[in-house]
Amino acid sequence: MESGNRLPLLIAKSSQKLEDAGIDQGLAEVEIILCNILNVERLQLYLDGEQLLNNDILDKFNQIVEKRVTRYPLQYILKEAWFYGRSFFVSPAVMVPTPETEILCESAMRFIRCKDIACPRILDIGVGSGVISVTLANELSDCSIVSLDISNEAIDIAKKNAEKLGGREKIEFRQSDFFSALKSDEKFDLILSNPPYISHEEYTDLPPEVLADPKVSLVAENDGLSAIESLVKDAPNFLNNDGRLMFEIGYNQAERVSKLTETDHRYKSIVQLKDLNDIDRVVILACD
């Protein structure tokens, strides 16, 4: 590869290699890999990347591409996932965050600001890498967050992200299976969760990248509804008057989730928000 032409040829060849492996956004991923290795922004990659390339960089780049061709998630390879403008550390112990969860965070912040709650108390069930808790801790000027997860390894990763990105002083972490670590008199203005909602049948058809996520973070019993049923059943016990339960759902669960709540008079309203693909993705339940 001639000096001066290495970068464009490297990008073109590697992008095609990823796309041939079934990865749709080959070019975008190649740019992410190079920016990560070179520690530059995308613009600087194209302005200065040619001069920054050397044999060590090329060897590292090629190793990452070869690993990615196997459909192993790029976020796990780079140990980094971007969410709401922040770089989170991730490992196979936690689910790779998705853009849909940003809708959940934005809904939470909109509720807090519209209600003008001075110091909201927030519960995050299934903290994972900490994207919800850390985002809210940084975006809200004053709040108190309790973050729960059944996995101690996940809690350690969420703590690491809170310490790196800010907001650690606003977050209390507890190991918990759903609400089990809460005291009966604890109350929150807002309960948030991205629960497992995939059925065992659906799980077998997931793409390789998703199958690399911890199965406990993805799959629920009762055709994918058991975790959501637990949230809907127990959340009102821990919500303040006019509090909100907000959680993500699967692409085919909107009607079934509505039926879960239509005879539960502890909830006074239900709102379902669509994601960018026009799929019902976030449920908001208002508690009396």
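The values are calculated or read from the model by the stated rules, or taken from the named source; none is laboratory data. All values derive from a computational prediction rather than experimental measurement. Methodologically, a virtual Cβ is constructed for each residue, glycine included, from the backbone with ideal geometry; neighbour enumeration extends over all protein chains shown. When the accessible area is computed, the model is the full protein with side chains, heavy atoms only, and any ligands, DNA or RNA have been set aside. Shrake-Rupley method; radii C 1.70, N 1.55, O 1.52, S 1.80 Å.
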Nearest 10, in degrees from 0 to 90: the angle of helix 6-20 to the longest Cα principal axis of the chain is 50 degrees
Whole-percent carbon and sulfur contribution to the accessible surface of the chain (1.4 Å, no ligands, DNA or RNA) stands at 49 percent
So for the range 126-279, using the alpha carbon gyration tensor with a ≥ b ≥ c as root eigenvalues (a/c under 1.5 gives rounded; past that, a/b versus b/c decides prolate or oblate), I'd call it oblate
Computed over the chain, the relative contact order (Cα-Cα under 8 Å, seq sep at least six) in percent reads 13 percent
Simple spin-label estimate for Ser144/Asp20, 7 Å along Cα→Cβ, in nm, reads 5.9 nm
Regression test value, accessible area per residue of the range 3-134, probe 1.4 Å, units Å², expected 49 Å²
FRET efficiency for Arg110 and Asn39 from the Cβ-Cβ distance with R0 = 45 Å, rounded to 0.05, comes out at 0.85
So for R0 = 35 Å, FRET eff. of Gln51-Ser91 from the Cβ-Cβ r, to 0.05, ends up at 0.60
Helix 100-115 sits off the longest principal axis of the Cα atoms of the chain, rounded to the nearest 10 on a 0 to 90 degree scale, by 50 degrees
Magnitude of the Cβ-charge dipole (Lys and Arg +1, Asp and Glu -1) of the chain about the Cα centre, nearest 20 debye, reported as 540 debye
Percent antiparallel among DSSP beta bridges confined to the chain, rounded to 5, stands at 45 percent
With every protein chain kept in place and a 1.4 Å probe, the range 182-272 has an accessible area per residue in Å² of 48 Å²
Rounded to the nearest 10, the angle in degrees between the Cα long axis of helix 42-52 and the longest principal axis of the Cα atoms of the chain comes to 30 degrees
Sorted by chain and then number, the residues having a modelled amide H within less than 5 Å of the amide H of Gly243, at least 5 places away or on another chain, are Cys287
Within the range 221-247, the residues whose backbone N lies under 17 Å from a label point placed 7 Å from the Cα of Tyr203 along the Cα-to-Cβ direction are 221-229
Here FRET efficiency (C-beta to C-beta, Cys119 to Ala12, R₀ 51 Å, nearest 0.05) is 0.45
